[in-house]
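Engineer: Right, I'll just put the structure down here and ask away after.
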Amino acid sequence: MMNEYKKIHFVGIAGIGMSALAKWFFHLESQVSGSDMVESDITQDLTEREIKISIGHSKTNVPEDCDVLVFSPAVPETNPERVRAQELGIKELSYPEMLGEISKQYSTIVVTGTHGKSTTTAMLGKILVDAGYDPTVLVGSLVPDFKDGNLRLGNSRFFVVEGCEYRAHMLHLEPEMIVLTNIEEDHLDFYRDINHIKETFQEFTDKMQGKGMVVHNASDEHSSALKYSNAVS
């Protein structure tokens with residue numbers, strides 16, 4: 001799947017996760033371009049890597065021979081670059097959808113929960129590195145020990161990634177193992193109440209594949225209320 005995308009364009013490329021994906025495809029020798037509304041340390045870093053960055057959104061930013069356009073969930077369908085992709089018949093994937101495609105290629109360990117995902121992902125990634133498992137890690141923060149900051153490309157079958165609960169984005173991922181930090185009432189612009197949140201996390205943990213397990217916080221009331229087929233706490 002990853003080799004299909006020789007030319008890829010990112011709309012909202014300066015997001016912490018989007019920039020990690022851009023670096024990922026750049027390391028795979030795909031031709032990467034992207035746009036964002038303002039310059040930042042992230043756009044500067046990507047430019048220094050010789051990734052073409054456009055400031056501001058315009059139809060002209062989209063390469064006509066692009067294989068796929070990846071957009072931040074904050075970018076609406078009316079965005080001129082997404083409109084141009086639709087005109088050209090270019091495949092569109094949201095950031096969570098692209099992560100979902102990638103997760104199918106690995107033994108994916110998803111760190112999810114309401115709080116603490118980035119810290120836990122970074123710690124778990126570092127533990128696996130030090131233990132010799134050589135994982136690929138995509139994290140929503142900059143990790144000093146990772147050369148690419150928010151990304152570490154490994155050569156093993158393991159992929160450690162954050163599963164964002166906002167708008168149930170983690171449901172796009174295909175987990176072999178889940179680390180669930182906690183469940184609290186949050187993002188009530190999407191979820192009805194705490195029960196809706198718990199139902200969504202239950203749906204996600206039910207997706208777990210193979211012989212994997214859920215590692216959850218036994219001290220957290222709402223996490224402990226879920227039903228797990230294989231869990232440690």
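Engineer: I want to verify a result. In a Gaussian network model of the chain, Cα cutoff 10 Å, which of these has the top mean-square fluctuation: Asp36, Asp220, Asp134?
Structural biologist: Maximum among the listed residues: Asp220.
Engineer: Another one. Quick one: pull the percentage of alpha-carbon pairs in the range 105-204 with a separation above 24 Å. Display every interim value, and only then the final one.
Structural biologist: Numbers: 1158 of 4950 pairs.
The proportion of pairs with Cα distances above 24 Å equals 23 percent.
Engineer: Radius of gyration and Dmax for the range 42-96's Cα atoms, expressed in Å?
Structural biologist: 11.5, 31
Engineer: Using the scaling law 2.2 N^0.38 Å as the reference, what is the normalised Cα Rg of the chain?
Structural biologist: Numbers: Rg = 17.9 Å, N = 233, 2.2 N^0.38 = 17.5 Å.
That ratio works out to 1.03.
Engineer: Here is a follow-up. Go ahead and set up a Gaussian network model of the chain, Cα springs under 10 Å, then flag whichever of Asn79, Asn217, Asn155 fluctuates most.
Structural biologist: Asn155
Engineer: Using 26 Å as the Cα-Cα cut-off, could you pick out the over-long pairs in Lys7/Lys207; Lys6/Lys147; Lys117/Lys198; Lys6/Lys52? Spell out each step's value before the answer.
Structural biologist: On the way: Lys7/Lys207 31 Å; Lys6/Lys147 24 Å; Lys117/Lys198 17 Å; Lys6/Lys52 15 Å.
Too far apart for the 26 Å limit: Lys7/Lys207.
Engineer: Note down the magnitude of the dipole of the chain about its Cα centre, charges +1 on Lys and Arg C-beta and -1 on Asp and Glu C-beta and zero elsewhere, to the nearest 20 debye.
Structural biologist: So the dipole magnitude of the chain works out to roughly 460 debye.
Engineer: Restricting attention to the range 176-230, which trypsin sites (Lys or Arg not before Pro) occupy a DSSP loop and are surrounded by at most 12 other Cβ atoms within 10 Å?
Structural biologist: Details: sites: Arg192, Lys198, Lys207, Lys211, Lys227; in loops: Arg192, Lys207, Lys211, Lys227.
Sites meeting the loop and neighbour criteria: Arg192, Lys211, Lys227.
Engineer: Please go through the range 1-74 and write out the GluC sites (Glu not before Pro) that DSSP classes as loop and that have at most 11 other C-beta atoms within 10 Å.
Structural biologist: Details: sites: Glu4, Glu29, Glu39, Glu48, Glu50, Glu64; in loops: Glu29, Glu39, Glu50, Glu64.
Answer in residue order: Glu29, Glu50, Glu64.
Engineer: While we're here: Using a Gaussian network for the chain with springs between C-alpha atoms less than 10 Å apart, which of these wobbles most: Ala74, Ala22, Ala168?
Structural biologist: Per the Cα network of the chain with a 10 Å cutoff, Ala74 tops the list.
Values in this text are rule-based calculations from the coordinates and carry no lab data. What you are looking at is a predicted structure, and each value in this text was computed from that prediction instead of being measured. Backbone-built Cβ (ideal geometry, glycine too); neighbour counts: all protein chains shown.
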